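Readers should treat all values here as calculations from the given coordinates under stated rules, not as data from a laboratory. Everything numeric here is computed off the predicted structure, so don't read it as measured data. Positions of Cβ are generated from backbone atoms using ideal geometry, with glycine treated the same way; all protein chains shown enter the neighbour counts.
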Amino acid sequence: MDKRQFLQFAAGSLCLGAYPSLQAQQAAAPPALDPQELSLSGVDAGGKKFALSDFPGHTVLVSFFTAGCNLCNHDLKLMREFYVRNVKRKFILLAVSLDDTRGDFEAYNKIIALSIPKEQRFPILWRSAPGYKDNFGPIARQPTHFVLDKQRHVLLKREGSFQPNDWDMLWEWLEA
């Protein structure tokens with residue numbers, strides 16, 4: 001029995017007498033926050049074409065950031081650790097740079113290439129690049145993170161730093 005099943009069983013057992021429908025609600029997948037299927041495509045920092053549609057059935061974490069943002073860099077470090085541990089579980093991590101200039105984007109990626117082993121790198125795209133497209137809408141705060149379910153609907157939108165509870169929910173959504 002995995003963690004999610006155990007928690008569902010324990011919660012359902014405790015509440016079964018008072019709330020018979022609670023167990024059925026807990027077993028269901030979390031409701032999507034956005035009924036629109038989100039999309040994203042472009043070319044990553046290494047020159048490889050990337051599209052979310054190339055990863056059907058994957059849970060996706062999309063992080064919008066700027067290179068000079070300390071909070072963004074801290075979150076991306078934690079996300080890299082999560083990515084390395086979960087990449088084989090139908091999970092995609094994607095970073096989208098909101099930097100104003102291509103030079104800032106390239107400088108950040110040069111640092112990544114020198115300091116992060118290849119097996120720990122995930123796709124990084126520049127939102128202002130020619131040919132880049134997404135339908136995530138305006139991003140007002142850095143960082144902004146989206147967790148998408150397997151159908152590309154938003155399960156979580158976090159403006160600012162990813163919270164401890166967000167990691168727990170992301171881990172559980174990978175199990176769903």
Just subtract the alpha-carbon distance of Gln151 and Leu114 from 0.36 nm times their residue separation and send over the number in nm, one decimal. 9.8 nm
Set of lysines with alpha-carbon distance to Lys150 below 18 Å, sequence-local pairs under 8 removed: Lys88, Lys90
Using a 7 Å offset from the Cα along the Cα-to-Cβ direction at both Cys69 and Ser39, what is the distance between the two label points in nm, to one decimal? 2.5 nm
Could you calculate the contour length gain from Glu172 to Ala129, that is, 0.36 nm times the residue separation minus the distance between their Cα atoms, to one decimal place in nm? 12.1 nm
About its Cα centre, segment 31-175 carries a charge dipole, from +1 on Lys and Arg Cβ atoms and -1 on Asp and Glu Cβ atoms, whose size in debye to the nearest 20 is 420 debye
What whole number of Å gives the distance from the Cα centroid of segment 105-153 to the Cα centroid of segment 30-90? 6 Å
Relative contact order as a percentage, segment 53-118, C-alpha pairs under 8 Å and 6+ apart, gives 42 percent
The set of residues whose placed amide H lies less than 5 Å from the amide H of Val96, leaving out same-chain residues fewer than 5 positions away, is Ser63, Phe64, Phe65, Leu125
Rounded to the nearest 0.05, what FRET efficiency is calculated for Ala51 and Asp104 with R0 set to 30 Å and r the Cβ-Cβ distance? 0.80
